[in-house]
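The structure under discussion appears below in the form of structure tokens.
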Amino acid sequence: MEKRSCEPGQAVGGCPEMTDWFYEENGQPRGPVSERDLATMFANRLLSAETRVWTTAFGNEWRSASQTTLAKSAGVMPPPLPAASATTAQPPQTQAATGYSPPYVPPSDVWAYLLAFSPLVFVVLEVVLYKQFGGKPGDAVPAILYWLGPLPLVWADARNLYLSRRNPQKREVMPFVLLTPFAYFWRRWAITRTSIKFLWIWIACFVAYAVAMAALSDG
């Protein structure tokens, strides 16, 4: 008897429809997402037809979306809406507002890099102000700035995580910076599972800050 295989997105001979898909974004795998959600992203031009995708039916091979059943999504256009009559049109305030999805923006790690290197900024400030005004090393920059200074960077980075769909469930991440950037970067890595490099960068820069403060004190 000939063995029948299931193509992604099709149910053949009782094979269940495969719903777990992954796609490539900036060299990183994203997912899993359902085939319907992934098709919607292609239909709305959020992903190009040459984006590589993978599902279990492909084995170890990543394929361009144009070589899969997802290629149909890019060409699908809805029919024009019929003119709404006065008797059937709903007032805008009564329309359902559930299921809102914010506009997609490309992933960006620029804010994470700025936060990770922020201890070096404080080193420069301390050295410049210390040499300019003297005083005790470590007191040139107000202590509250160490707490409030990173907040705009954290807010911008957490917002990009959500809008770029790396934190679709909008799990809490920003409050962790109040425990130090170390806690924020650990939480960020736990949510995105992309890279923990920002945590190591911040640790290295913080060590450099501590060494610089010790050198100023000895001087």
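The values are calculated or read from the model by the stated rules, or taken from the named source; none is laboratory data. The shown structure was predicted, so the numbers you read here are calculated from the model rather than taken from an experiment. Counting neighbours? That spans all protein chains shown, and the Cβs are built from the backbone with ideal geometry, glycine included.
Scanning the stretch 165-219 for residues that are acidic (Asp, Glu) and either part of a helix (DSSP H, G or I) or touching a residue at least 40 places away in the same chain (Cβ under 8 Å) (or both) yields one hit, ASP218.
Applying the selection to the stretch 63-76, what residues are under 13 Å from TYR23 (Cα atoms) and either free of Cβ contacts under 8 Å to residues at least 24 places away in the same chain or surrounded by fewer than 14 Cβ atoms within 10 Å (Cβ to Cβ) (or both)? Within the stretch 63-76, ARG63, SER64, SER66 meet the criteria. Across the stretch 24-47, the qualifying residues are those that are under 13 Å from TYR104 (Cα atoms) and touching a helix residue (DSSP H, G or I) at 6+ places or on another chain (Cβ under 6 Å), and the one among them that is surrounded by the fewest Cβ atoms within 10 Å (Cβ to Cβ) is LEU47.
Screening the stretch 48-60 for residues that are under 25 Å from the mean Cα position of the chain (by Cα) and loosely packed, with under 13 Cβ neighbours inside 10 Å and picking the one that is modelled with the lowest pLDDT gives SER48.
Among the numbered conditions (1) outside any loop (DSSP other than H, G, I, E, B); (2) at pLDDT below 60, the only one that LEU81 does not meet is (1).
Of all the numbered requirements in (1) of a type in the set (Lys, Arg); (2) touching a helix residue (DSSP H, G or I) at 6+ places or on another chain (Cβ under 9 Å); (3) surrounded by fewer than 19 Cβ atoms within 10 Å (Cβ to Cβ), ARG188 misses one, and that requirement is (3). Just one of the listed residues (ARG165, ARG159) is surrounded by fewer than 17 Cβ atoms within 10 Å (Cβ to Cβ), of a type in the set (D, E, K, R) and out of contact with any Asp or Glu (no Cβ under 6 Å at 6 or more places or on another chain), namely ARG159.
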